[in-house]
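First the structure, in the form of structure tokens, and then the observations on it.
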Amino acid sequence: QVQLVESGGGLVQPGGSLRLSCVASGNVFTLYTMAWYRQVPGNQRELVASINSGGNTNYVDAVKGRFTISRDNGKSAVYLQMNSLKPEDTAVYSCYAALQRSAYDYTGDYWGQGTQDTVSS
């Protein structure tokens, strides 16, 4: 059993910062790509940022220069530092991980439960 548990969301004023954390607990043998997605009601889920096992990162254009994704493989964790937040960043943010639970397991897709981040004055 593997769970992704997120923390760090909340309410912040425009221009402020939030740091999201996501820890994979349970039987985690190998972590591959980890990422953060966000979704606004009525819209499709959007990939915000991803980081592969080699540390290579990708960002959606709307957050480049403001958001930073990082990971700590020893803690099976991925983080999203969000600076200079804008009202349009308001969404439910979910973490994602591609991982194996054992050497004999297939690589599966796992999701966190989502955390609401609201940017408003």
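None of the figures in this text is laboratory data; all of them are computed from the coordinates on show. No experiment lies behind these values; they were computed from the predicted model shown. Here the Cβ is made from the backbone with ideal geometry for all residues, glycine too, and neighbour counts use every protein chain on show.
Please give the strands (runs of 3 or more DSSP E) falling wholly within the stretch 56-116 in which 2 or more residues are in contact with an Asp or Glu (Cβ under 6 Å, 6 or more places away or on another chain).
Details: elements: 57-59, 67-72, 77-82, 91-100, 108-111.
Here the list reads 91-100.
Inside the stretch 26-37, can you point out the residues that are closer than 27 Å to residue 118 by Cβ and either touching a residue at least 60 places away in the same chain (Cβ under 8 Å) or among the aliphatic types (A, V, I, L, M) (or both)?
Those that are closer than 27 Å to residue 118 by Cβ and either touching a residue at least 60 places away in the same chain (Cβ under 8 Å) or among the aliphatic types (A, V, I, L, M) (or both): 34, 35, 36.
Can you pull out every residue in the stretch 26-39 that is within 25 Å of residue 10 (Cβ to Cβ) and either touching a helix residue (DSSP H, G or I) at 6+ places or on another chain (Cβ under 9 Å) or buried (at least 18 other Cβ atoms within 10 Å of the Cβ) (or both)? Before the answer, list the steps.
Taking the stretch 26-39 first, the residues within 25 Å of residue 10 (Cβ to Cβ) are 34-39.
Listed by number, the residues that qualify are 34, 35, 36, 37, 38.
One line per residue, one yes/no per condition, for (1) surrounded by 13 or more Cβ atoms within 10 Å (Cβ to Cβ); (2) out of contact with any Gly (no Cβ under 6 Å at 6 or more places or on another chain):
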residue	(1), (2)
11	no, yes
15	no, yes
21	yes, no
24	yes, yes
43	no, yes
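Scanning the stretch 75-118 for residues that are β-branched (Val, Ile, Thr) and farther than 23 Å from residue 56 by Cα, which turns out surrounded by the most Cβ atoms within 10 Å (Cβ to Cβ)?
First, pick out the residues of the stretch 75-118 that are β-branched (Val, Ile, Thr): 78, 90, 92, 107, 115, 118.
Filter once more, keeping what is farther than 23 Å from residue 56 by Cα: 90, 92, 115, 118.
On the way: 90: 17, 92: 17, 115: 21, 118: 15.
The qualifying residue surrounded by the most Cβ atoms within 10 Å (Cβ to Cβ) is 115.
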